[in-house]
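Below is one structure; the comments refer to it alone.
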Amino acid sequence: MTDRKQLAWLFKRHYREMYRLASIMLHDEAESKDIVHDVFARILESGKDLKADTAVAYLLASVRNRCLNRIRGREIRERVERLFLMDQELAQWQEPQKMEEEIKALETELERMEPPKRKEILLMHFRDKRTFREIAQLLDMSETAVYKHLRNAMKQLREQLKNR
């Protein structure tokens, strides 16, 4: 078990190197400091025994992994924000009456849509004016899956209408 004295020594000895790695990966000073401090806090909480010969490798690998998790979290958050903005734009796209007329004109093309789930999602979104979240909850799937089905449905419709 690594005691506080050993941990303090490791912190003083390797903080700069760990911080430098985190800041290279994250490009954010505050997040980089948080990552390094979290690594040491986890070691202290877990009581993990760090051996002198492997401590540096373990500390740097921990920082790298935490940075990768943070980056992955950012990417997911950004995708969800884009989906939300896209959903909001689509909801305000047209007046309801004009939208209904266009949906009726497309229904013949919709009948040929494969797989049937795409058609269902497309109709729920445009005809029933449901959000990605509502559709995802009703169909027990993720919002990302709803987005992908909707995107593919729109692509399929465009191709069918282009070939008309």
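If we keep just the residues of region 21-40 that are part of a helix (DSSP H, G or I) and charged (D, E, K, R), which is surrounded by the fewest Cβ atoms within 10 Å (Cβ to Cβ)? The selected residue is Glu29. A search for C-beta distances below 9 Å between a residue of region 1-20 that is more than 17 Å from Val63 (Cα to Cα) and part of a helix (DSSP H, G or I) and any residue that is of a type in the set (A, V, I, L, M, F, W, C) and open to solvent by less than 50 Å² (accessible area, probe 1.4 Å), counting only pairs 6+ apart in sequence or on different chains, returns Gln6/Leu50; Gln6/Ala55. Among residues of region 119-132 being at negative phi and more than 22 Å from the chain's Cα centre (by Cα), the one that is surrounded by the fewest Cβ atoms within 10 Å (Cβ to Cβ) is Asp128. Among the residues of region 48-57, those identified as closer than 13 Å to Phe11 by Cα and in a helix (DSSP H, G or I) are Ala55, Val56.
Would you call Val80 part of a helix (DSSP H, G or I), of a type in the set (Val, Ile, Thr) and under 30 Å from Phe126 (Cα atoms)?
Values: part of a helix (DSSP H, G or I): yes; of a type in the set (Val, Ile, Thr): yes; under 30 Å from Phe126 (Cα atoms): yes.
Considered against the rule, which asks whether it is part of a helix (DSSP H, G or I), of a type in the set (Val, Ile, Thr) and under 30 Å from Phe126 (Cα atoms), Val80 comes out as yes.
For region 138-164, filtered to residues that are within 25 Å of the chain's Cα centre (by Cα) and open to solvent by 80 Å² or more (accessible area, probe 1.4 Å), the residue that is modelled with the lowest pLDDT is Lys155. Against the conditions (1) open to solvent by less than 30 Å² (accessible area, probe 1.4 Å); (2) more than 18 Å from Val80 (Cα to Cα), Ile135 satisfies every one except (2). Asp53: open to solvent by less than 70 Å² (accessible area, probe 1.4 Å), of a type in the set (D, E, K, R) and modelled with pLDDT of 75 or more, yes or no? The answer is no for Asp53.
The values are calculated or read from the model by the stated rules, or taken from the named source; none is laboratory data. Bear in mind the structure is a predicted one, so any value in this text is a computation, not a measurement. Ideal geometry is used to build each Cβ from the backbone, glycine not excepted, and the neighbour counts take in all protein chains shown. Just the protein is used for accessible areas: all its heavy atoms, side chains included, with ligands, DNA and RNA removed. Shrake-Rupley method; radii C 1.70, N 1.55, O 1.52, S 1.80 Å.
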